[in-house]
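Just below is one structure, and these are the notes that go with it.
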Amino acid sequence: MSRTFPSSSTALTEPAACGTGLTKTYGKGEGRVTALDAVSVEFARGRFTAVMGPSGSGKSTLMHCMAGLDPVTSGSARIGGVELSTLDDRQLTELRREKVGFVFQGFNLLPTLTALENILLPLRLAGRRPEAAWLETVVATVGLAGRLAHRPTQLSGGQQQRVAVARALVSRPEIVFADEPTGNLDSRSGAEVLGFLRDSVRELGRTVVMVTHDPVAAAYADRVVFLADGRLVDELHDPTAHAVLDRMLAFEGQGRAT
Ligand SMILES: Nc1ncnc2c1ncn2[C@@H]1O[C@H](COP(=O)(O)OP(=O)(O)OP(=O)(O)O)[C@@H](O)[C@H]1O
């Protein structure tokens, strides 16, 4: 039986996603690693949040647990009011398809499909038809109107990532998770992609969570949350690159002092 998820209109005040007491351990015995240690975090609708922290602090694990790609050891992860731990594998796949958009560092486009076909793939997999007006808005927002018939190899890295951003937005997901989306791009293409992610939040009302190492990238967000050793240790609102960098350096200083 197909599960009916609460629609976003029924729960406008609820965060797009939230984690409570999220704990994730890998391995057993002496090799056991606590990647997330009782993290509680909310991602409000219509906001752009960056997740920062040193290498190994748990950023990717947090994203994977919140997106239903990896089960938590304990705690609760909810997307649009749905508790992920109550879903079986098939329901999780369905929830990810309907409620979550992903943008990865490596673009992850299918090389044999055109840009348009790549953008429409999630809808095709879900057996849904594109809404023409929304598709046009998304394509215009990411500036791809003249490139839709091109295959990925005929596009620059920045254009490929814009296709990936459009693909993540086209099904109007509850939330878009972006993992180092500018990691493979030069700074100009990276700035464009970050601008499009920000526009998708400010102009199209979407919700974006982005893992990044880069204070300049984080400054495009409305809010930055900082992880250290699997814990949520700080947050900044309306960040500047300078303020983010200062905060990162302060953590590193503390790390050296202990
Ligand atoms: N599949 C796994 N098996 C065992 N340990 C893991 C696994 N995935 C992550 N870890 C460990 O969990 C901790 C957090 O890893 P995670 O990848 O979430 O950090 P990160 O902040 O995203 O790091 P980076 O910035 O280097 O990508 C690290 O100590 C890592 O070694």
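The values are calculated or read from the model by the stated rules, or taken from the named source; none is laboratory data. Values in this document were obtained by computation on a predicted structure and should not be read as measured data. Note that we place each Cβ from the backbone using ideal geometry, even for glycine, and neighbour counts take in every protein chain shown.
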> Does any residue in the range 43-68 that is of a type in the set (Lys, Arg) come within less than 7 Å, Cβ to Cβ, of a residue that is near the ligand (Cβ under 8 Å from one of its atoms) six or more places away or on a different chain, and which pairs are these?
Replying inline: LYS59/GLY53; LYS59/VAL211; LYS59/LEU227
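To keep it simple, each residue is scored yes or no on (1) of a type in the set (A, V, I, L, M, F, W, C); (2) at pLDDT below 95; (3) farther than 23 Å from ASP88 by Cα.
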| position | (1), (2), (3) |
| --- | --- |
| SER2 | no, yes, no |
| SER7 | no, yes, no |
| LEU12 | yes, yes, yes |
| GLY27 | no, yes, no |
| GLU30 | no, yes, yes |
| PHE43 | yes, no, yes |
> List the pairs whose first member sits in the range 181-197 and is of a type in the set (S, T, N, Q), whose second member is at pLDDT below 90 and part of a loop (DSSP other than H, G, I, E, B), and whose Cβ atoms are under 7 Å apart, counting only residues at least 6 apart or on separate chains?
Replying inline: ASN184/GLN105; ASN184/GLY106
>> Restricting to the range 20-42, and then to whatever is at positive phi and free of Cβ contacts under 8 Å to residues at least 24 places away in the same chain, can you tell me which residue is farthest from the chain's Cα centre (by Cα)?
In response: GLY29
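Please find, within the range 131-157, the residue that is surrounded by the fewest Cβ atoms within 10 Å (Cβ to Cβ) out of those that are assigned to a loop (DSSP other than H, G, I, E, B) and more than 24 Å from the chain's Cα centre (by Cα). Steps first, answer last, please.
Restricting attention to the range 131-157, the residues satisfying the condition of being assigned to a loop (DSSP other than H, G, I, E, B) are 131, 142-144, 148-151, 155-156.
Subsequent filtering for residues that are more than 24 Å from the chain's Cα centre (by Cα) retains 149-151.
On the way: ALA149: 10, HIS150: 16, ARG151: 15.
Across the range 131-157, the extreme among qualifying residues is ALA149.
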>> Regarding the range 229-240, can at least one residue be identified that is under 16 Å from VAL142 (Cα atoms) and either within 16 Å of the ligand (Cβ to nearest atom) or touching a Ser or Thr at 6+ places or on another chain (Cβ under 6 Å) (or both)?
In response: no
>> Just the residues that are within 17 Å of the chain's Cα centre (by Cα) and not basic (Lys, Arg), please, taken from the range 222-231.
In response: ASP222, VAL224, VAL225, PHE226, LEU227
> How many residues are assigned to a helix (DSSP H, G or I) and under 11 Å from ARG47 (Cβ atoms) when one looks only at the range 236-250?
Replying inline: 0
> Of all residues in the range 212-228, how many are surrounded by fewer than 23 Cβ atoms within 10 Å (Cβ to Cβ) and either within 12 Å of the ligand (Cβ to nearest atom) or within 14 Å of LEU169 (Cβ to Cβ) (or both)?
Replying inline: 3
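Which members of the range 32-46 meet the condition of being hydrophobic (A, V, I, L, M, F, W, C) and in a strand (DSSP E or B)?
Those that are hydrophobic (A, V, I, L, M, F, W, C) and in a strand (DSSP E or B): VAL33, ALA35, LEU36, ALA38, VAL39, VAL41, PHE43.
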> Which ones in the range 39-60 are surrounded by fewer than 23 Cβ atoms within 10 Å (Cβ to Cβ) and either among the polar types (S, T, N, Q) or farther than 18 Å from ILE79 by Cα (or both)?
Replying inline: SER40, PRO54, SER55, GLY56, SER57, SER60
> So which of ALA221, ALA164, ALA217 is touching a Pro at 6+ places or on another chain (Cβ under 7 Å), within 27 Å of ASN108 (Cα to Cα), small (Gly, Ala, Ser) and in contact (Cβ under 8 Å) with a residue 12 or more places away in the chain?
Replying inline: ALA221
